[in-house]
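Undergrad: I'd like to ask some things about the structure below.
Here, each number is a calculation from the coordinates, and none is a lab measurement. Remember, it's a predicted structure, so these values are computed and weren't measured experimentally. Glycine also receives a Cβ, built like all others from the backbone with ideal geometry; neighbour counts cover every protein chain displayed.
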Amino acid sequence: MIRPLLKGPAFAAAATSSLNGVLKLAASERALRGEEAAAPGWVQSAVTLAQGGGASVPSAPLLPPRARKEDAGARRTRKVGAGTQRGSRSQPRPAASGRRSSGSPSQAAGKLHERRLSQRCAAAPCSPSPRGGDRGGEAASLGPREGGGVLEGRGAAAAMKASGEQKRGEAAASPGDPWKECMEVAVQLALRAGQIISKALTEEKQVSTKTSAADLVTETDHFVENLIVSALKEKFPSHRFIAEEATAAGSKCILCDSPTWIIDPVDGTCNFVHRFPTVAVSIGFAVNQELEFGVIYHCTEERLYTGRRGQGAFCNDKRLQVSKVTDISKALILTEIGPKRDPDTLKLFLSNMERLLKAQAHGVRVIGSSTLALCLLASGAADAYYQFGLHCWDLAAATVIIREAGGVVMDTSGGPLDLMSCRVVAAGTQEMAAFIAQEIQTIHYRRDDEN
């Protein structure tokens, strides 16, 4: 049985009032799942983006749980303002008379962390994160690469550092934003689905095939898809849905003007079957056939990629930016093989790789998950991506993320992207995308809307 999600109006009211409201609500969501730990910081950042603020709100870096534990010692002494350090209080706050200490040490630590974040957020509210603009000053260097990388989120600490500087844009969502709640729900469901996938990764699986011996599906694919779609239908009964396993079972795959959810419950199923830890859940959302937002959760690495039209792209609490490489001789390119394995298709696939390598590309990589490969492109870790045979559910969420990170997504013909065409070229620059589109040969696949 699917647990009911937090109601939208109450969620929005609490989350927009203060960071403390966001933390309490995130903790409530985890309590619904039967967990005791405090809500991880990177959930707060994702919820803030979902609410239309674009920027992350933490005053200290928000990390996935594993990274946060490793970095705890360093963050205790990190400066949060002039003359102020975390952990500077020499004595713990005494408990009220007659009250018993409640909760485990981890719960107490979570409450302390929540209180500190709330206090500092009140002292230094965050700035909105606009789309585009000059991001050079924020970029975390990735060595000699031209641009690209995971950028610092503009949260409370960044606002303090930039005190007195002019705000860079006014891209915060309007109060009447109709899709804010939709993205909030998408983030919650992606995280919930990711927990299920991570747990199932090391367990025995029931594996079936679909279009070919290499096109796999498991009971986890079906379970996660049913969980996501059922929850969304209950929350948004008038919306339409395109989901991978339902389409494979015969449902029509049609992108119309109605609000439409485009879902890949387990991207990288072959990896998942073999316990190869490059697996993701992908949720895209389109209205009037225009993509509004995308949410992709890399389950094993606890990386939540989010992108919202006009408001930037993020990985956890860090803003994303594509690389700006234009020369193929300096490029790392990603691709995927696709489900077809007949001799002619394999010959064309290998020929395309050969063409790019002969053009002196640094390399061509295949990682087994198209959505995560596209997220790597959005992060600046690769310079281009191309594929024939991917589907709209592989592409929808990632397209928003790449575009909001400053990248280009187009058809392999060089024209505008057709989400149903089962083919794509994406790159950090228009020049790189155009070069690859010109070099590669077409591998024909049936369109998604012809099923």
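Undergrad: Quick check on the exposure proxy: order LEU304, LEU320, LEU332 from fewest to most C-beta atoms within 10 angstrom.
TA: Values: LEU304 24, LEU320 27, LEU332 18.
The fewest-first ordering by Cβ neighbours comes to LEU332, LEU304, LEU320.
Undergrad: Another question, if that's okay. Stretched out fully, how many nm does the piece from SER198 to ARG341 gain, at 0.36 nm a residue minus the Cα gap?
TA: Going from the current span to full extension adds 48.6 nm.
Undergrad: Also: Could you state the number of Å between the C-alpha centres of segment 416-451 and segment 252-320?
TA: About 19 Å separates the Cα centre of segment 252-320 from the one of segment 416-451.
Undergrad: Distance in nm between label sites at LYS358 and ASN226, each 7 Å beyond Cα in the beta-carbon direction?
TA: Between LYS358 and ASN226, the simple spin-label model gives 5.1 nm.
Undergrad: May I ask what percent, to the nearest 5, of DSSP beta bridges between residues of segment 323-450 are antiparallel? Before the final figure, lay out each step's value.
TA: Details: 9 of 15 bridges.
So the antiparallel bridges amount to about 60 percent of the total.
Undergrad: Something else about it: For a footprinting-style exposure proxy, rank LEU346, LEU390 by other Cβ within 10 Å, fewest first.
TA: By the 10 Å Cβ count, ascending, the order reads LEU346, LEU390.
Undergrad: Could you check the simple spin-label distance between HIS239 and ILE254, using points 7 Å along Cα→Cβ, in nm with one decimal?
TA: In this crude label model, HIS239 to ILE254 measures out at 2.0 nm.
Undergrad: Beyond 21 Å, what share of the Cα-Cα pairs of segment 323-450 remains, rounded to the nearest whole percent?
TA: Working: 2423 of 8128 pairs.
Percentage above 21 Å: 30.
Undergrad: Another one. Once you've got the Cα coordinates, tell me which of LYS210/LYS340; LYS205/LYS252; LYS199/LYS252; LYS233/LYS318; LYS210/LYS252 are over 20 Å apart.
TA: LYS205/LYS252; LYS199/LYS252; LYS233/LYS318, as the Cα separations exceed 20 Å there.
Undergrad: Report the net charge of residues surrounding MET183, where surrounding means a beta-carbon distance below 13 angstrom and charges are Lys +1, Arg +1, Asp -1, Glu -1.
TA: On the way: positive: LYS180, LYS235, ARG308, ARG309; negative: ASP177, GLU181, GLU184, GLU292, GLU404.
Neighbourhood net charge equals -1.
Undergrad: Between segment 204-228 and segment 351-405, how far is it from one alpha carbon centroid to the other, in angstrom?
TA: So the separation of the two Cα centres works out to 23 Å.
Undergrad: Shifting gears a bit: How do THR399, THR442, THR326 rank when sorted from fewest to most other Cβ atoms within 10 Å of their own Cβ?
TA: By the 10 Å Cβ count, ascending: THR442, THR326, THR399.
Undergrad: Below 8 Å between Cα atoms, with a sequence gap of 6+, how large is the relative contact order for segment 323-450 in percent?
TA: Contact order relative to length: 29 percent.
Undergrad: A further question on this structure: In Å, the Kirkwood hydrodynamic radius of segment 180-321 over pairs of distinct alpha carbons?
TA: After inverting the pairwise mean of 1/r, the radius is 15.5 Å.
Undergrad: If I model a spin label as a point 7 Å beyond the Cα along the Cα-Cβ vector, how far apart are those points for LYS210 and ASP411 in nm?
TA: Label-label distance for LYS210 and ASP411, simple model: 2.4 nm.
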